[in-house]
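Remarks on the structure that follows.
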Amino acid sequence: MNLSTDDILEKALDGERLSVEEGVALFSEDNLPLLGSAAHEIRKQHHPEPVVTYVVDRNINYTNICVSGCLFCAFHRQPTDQDAYVLSRDELFRKIDELVSVGGTQILMQGGLHPELRLDYYCDMLRAIKERYDIHIHTFSPPEIVHFARLEGMSVADVVRTLRDAGLDTIPGGGAEILVQSVRDRISPRKCTADEWISVMRDAHNIGMRTTATMMFGHVETYADRIEHLRKVRELQDETGGFTAFIAWTFQPGNTRLELRTVGGHEYLKTLAICRIFLDNFSNIQASWVTQGAKVGQVALYFGANDLGSTMLEENVVRAAGVQFRMSIEDMRRLITEAGFEPVQRNCYYEPVGS
């Protein structure tokens, strides 16, 4: 069946769900403004007000020691490496103090899959943060949680519940990469499986926790793999409604073991638009200025994104691959205003700060 782009986009604009085949077909469309226009109209159906949100937070990587050794990662270290580290409690508090001093409301805390740190260590860290700060903890991606469960011989559901009781508020969608096992077997064979990633999110949603969903693309995956990834998160969102947002970003090959070229802004914007069009049950789509830069991030606001993400007081994983874009709160607000929108600071639940 020859699928017309115009027919597919008309169907989506009418609020009808696209099939996997229709999603894949959109990737053959070279008319980028056409895809962007449709994505922007669908974005306005979810958010008719001319508002773009952002969050003031900090990425804190508590350790770079990791037994996974993913081919796409330039951040991980072995325990014996000279620059391997585990953050001290004092250093962790210093980083949070700096965030709070500039009006930050949450921390995004992730680390490598450390072979020796046990669940008690992470629970003690969560409790210590909550005792000292009134701050939202958006922490521990599914691969970390699966790793904890394996070390402890516990179920994922029990680990999620234990972390929640210790102070974990929400779970970031990191470690999804592409939720197709044949892809994961090539780039991250020792990380959690696609099914395990979904299972962590389902278990969290089932006890009332909210999470985000992500996709890292532009490496060994096909267009069909990208759509299969989107299908899986769309299906879980149908089931639980627990995802607050979807964030897609491009693979950065610098200092990694994957000798691939970086995909550019054209491919990023096309994929972002298709994410907005295909993910009909996601209200919030975030732009990735961290990998694409401020200008492409600004353009992304007309390709389906309604959120510009974090001011990123600190970011280490993408920087390890040689990409370092920085943005102050003032820069973030100016970028949004210059694009024709009203900037609104939000929390992790996409509520305006102070509401």
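Yes/no per residue for (1) surrounded by 24 or more Cβ atoms within 10 Å (Cβ to Cβ); (2) within 22 Å of Leu99 (Cα to Cα); (3) among the basic types (Lys, Arg); (4) in contact with a Lys or Arg (Cβ under 6 Å, 6 or more places away or on another chain):
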| site | (1), (2), (3), (4) |
| --- | --- |
| Asp280 | no, no, no, yes |
| Ser283 | no, no, no, no |
| Phe303 | yes, no, no, no |
| Gly309 | no, yes, no, no |
* For the range 107-157, enumerate the residues that are among the small types (Gly, Ala, Ser) and part of a helix (DSSP H, G or I). => Ala128, Ala149, Ala157
* Asked: Yes or no: Gly322 closer than 26 Å to Ile227 by Cα and modelled with pLDDT under 85?
  -> no
* To do: Test Ala39 against the criterion of being closer than 20 Å to Gly297 by Cα, among the small types (Gly, Ala, Ser) and surrounded by 12 or more Cβ atoms within 10 Å (Cβ to Cβ), and give yes or no.
  => yes
* Structure fact -> When Val67 is run through (1) surrounded by fewer than 20 Cβ atoms within 10 Å (Cβ to Cβ); (2) modelled with pLDDT of 90 or more, the failure sits at (2)
* Within the range 246-257, is there a residue that is hydrophobic (A, V, I, L, M, F, W, C), surrounded by fewer than 21 Cβ atoms within 10 Å (Cβ to Cβ), modelled with pLDDT under 85 and more than 17 Å from Val55 (Cα to Cα)? -> no
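Have a look at Pro143, Pro115 and point out the one that is over 20 Å from Phe93 (Cα atoms), crowded, with 21+ Cβ neighbours inside 10 Å and touching a residue at least 24 places away in the same chain (Cβ under 8 Å).
It is Pro143.
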* Structure fact -> Among the residues of the range 26-44, the number that are within 19 Å of Asp225 (Cα to Cα) and in contact with a helix residue (DSSP H, G or I) (Cβ under 6 Å, 6 or more places away or on another chain) is 3
* Structure fact -> Counted residues in the range 165-198 being of a type in the set (Ser, Thr, Tyr), assigned to a loop (DSSP other than H, G, I, E, B) and touching a Lys or Arg at 6+ places or on another chain (Cβ under 7 Å) come to 1
* Restricting attention to the range 84-91, does a residue exist that is β-branched (Val, Ile, Thr), within 18 Å of Ile65 (Cβ to Cβ) and free of Cβ contacts under 8 Å to residues at least 60 places away in the same chain? -> yes
* **Residue that is nearest to Cys66 (Cα to Cα) [pool: residues in the range 200-227 that are within 17 Å of the chain's Cα centre (by Cα) and assigned to a helix (DSSP H, G or I)]** => Val200
* Among the residues of the range 280-319, write down those that are at pLDDT 90 or above, out of contact with any strand residue (DSSP E or B) (no Cβ under 6 Å at 6 or more places or on another chain), assigned to a loop (DSSP other than H, G, I, E, B) and hydrophobic (A, V, I, L, M, F, W, C). => Phe303
* Could you grab the pairs with beta carbons closer than 6 Å, sequence gap of 6+ or different chains, first residue in the range 209-227 and closer than 24 Å to Asp158 by Cβ, second one of a type in the set (A, V, I, L, M)? => Thr211/Ile171; Thr211/Met201; Thr211/Ala204; Thr212/Ala245; Ala213/Val233
* Checklist (1) assigned to a loop (DSSP other than H, G, I, E, B); (2) at pLDDT 95 or above applied to Lys270, failing item -> (1)
* Among the residues listed as Ala213, Ala166, the single one being in contact with a Phe, Trp or Tyr (Cβ under 8 Å, 6 or more places away or on another chain), at pLDDT 95 or above and surrounded by fewer than 22 Cβ atoms within 10 Å (Cβ to Cβ) -> Ala166
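The values are calculated or read from the model by the stated rules, or taken from the named source; none is laboratory data. No experiment lies behind these values; they were computed from the predicted model shown. Virtual Cβ from ideal backbone geometry, glycine too; neighbours counted across all protein chains shown.
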